[in-house]
Amino acid sequence: MIGQHGNVLRFPINDYSADKINASASGYLVYYNSHDNIWSPCLEVTKSAYDNLVNINDSLVFECVIQFNMLQDYAGQTVKIYPYLILVGCNDDRSWIPSYSVDLVVPTINTSASVGDILLEDNSWVSPNDFDSTSMTAKGVIFHVDETGQHGWAVNLQDEGQSASFQWSTIEEDIADLPNCYDSNTDTAGYQNTRAILQAGDATTYPAANTVSFVDGWYLPAIGQLAVLMQNFEDVNASLGRVNGIAIDGFWYYSSSEIGSSGAWSVYYDEHIINWGRKSTSLKVRSVRSF
């Protein structure tokens with residue numbers, strides 16, 4: 001099995017025993033790219049690193065840093081990769097000795113993110129099918145990608161407060177630094193909205209916005225962002241299930257978009273409804289982040 005995680009390809013090499021390498025041995029893990037008929041080094045291996053590379057059952061796993069610019073020409077293709085561990089100093093004449101070659105096929109390489117991809121802790125992403133819970137930590141699920149394919153929005157794995165409900169505001173006040181939104185499709189400035197709300201008051205006056213982890217990059221999405229999420233929430237829910245997240249359910253969720261002193265926008269995902277209501281109503285909160 002080969003795994004893709006950010007710029008790292010993991011090559012498991014099985015049945016590799018300690019008597020094949022001695023204290024003075026060093027070498028390289030190399031790969032042969034059948035597409036261009038070239039050999040390239042991936043990772044230097046030393047005896048001191050060997051103990052850290054051995055897994056259970058005498059299986060060796062190398063995390064080979066292969067920059068995407070070496071593979072970007074093959075987006076949408078399947079590239080055959082032949083990795084070999086080449087050791088130096090394992091016999092008297094210090095010749096290069098290949099050991100335990102493995103014939104692997106790299107999955108289709110796509111350097112652009114897609115809706116439903118899993119956003120990882122290091123801000124890389126993988127498709128739901130390539131997500132490996134034993135070696136990857138999910139941070140969110142991507143629900144929008146911009147024209148570059150490298151940036152967009154991701155939704156949190158669960159509701160704030162473990163599906164608790166929160167008022168948008170306990171007071172009727174039109175926040176001066178928060179523009180009023182009269183068209184649910186136009187406001188996508190959730191980060192700026194959340195910052196304005198947090199500057200206007202604390203969790204006593206603005207509970208919904210204050211429940212998100214703003215310092216960690218999470219914010220209360222604008223209604224335009226929730227509208228995009230609503231269009232894709234079935235795919236998002238499927239990916240949330242893949243990473244043991246909590247599905248977005250049939251309940252009203254707040255946005256950070258206000259309309260006057262007493263109203264704020266919200267969505268009802270199951271029925272695909274966008275509406276605004278009184279800020280004093282308690283609704284759910286699901287934060288998002290930009291990547």
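The values are calculated or read from the model by the stated rules, or taken from the named source; none is laboratory data. Because the structure is a prediction, the values reported are computed rather than measured. As a convention, Cβ positions derive from the backbone with ideal geometry for all residues, glycine included, and neighbour counts pool all protein chains shown. Protein only, heavy atoms only, side chains kept; ligands, DNA and RNA dropped before computing areas. Shrake-Rupley method; radii C 1.70, N 1.55, O 1.52, S 1.80 Å.
Results, tabulated for the structure shown:
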{"item": "Matching residues, the stretch 148-179, being loosely packed, with under 13 Cβ neighbours inside 10 Å and either in contact with a helix residue (DSSP H, G or I) (Cβ under 9 Å, 6 or more places away or on another chain) or among the hydrophobic types (A, V, I, L, M, F, W, C) (or both)", "result": "Ala164, Ala176, Asp177"}
{"item": "Ala238, sole failed condition from (1) part of a helix (DSSP H, G or I); (2) of a type in the set (A, V, I, L, M); (3) open to solvent by 10 Å² or more (accessible area, probe 1.4 Å); (4) touching a Ser or Thr at 6+ places or on another chain (Cβ under 6 Å)", "result": "(4)"}
{"item": "Condition met for Thr194 (among the hydroxyl-bearing types (Ser, Thr, Tyr), within 17 Å of Ser261 (Cα to Cα) and either part of a helix (DSSP H, G or I) or open to solvent by less than 10 Å² (accessible area, probe 1.4 Å) (or both))", "result": "yes"}
{"item": "Scope the stretch 247-269; condition part of a loop (DSSP other than H, G, I, E, B) and under 20 Å from His144 (Cβ atoms); matching residues", "result": "Ala247, Ile248, Tyr269"}
{"item": "Scan of the stretch 197-214 for residues that are in contact with a Leu (Cβ under 9 Å, 6 or more places away or on another chain) and either without any contact (Cβ under 8 Å) to a residue 24 or more places away in the chain or open to solvent by 30 Å² or more (accessible area, probe 1.4 Å) (or both), ordered by number", "result": "Ala200, Asn210, Thr211, Phe214"}
{"item": "Residue within the stretch 215-224 that is open to solvent by less than 20 Å² (accessible area, probe 1.4 Å), outside any loop (DSSP other than H, G, I, E, B) and under 21 Å from Leu157 (Cβ atoms) present", "result": "yes"}
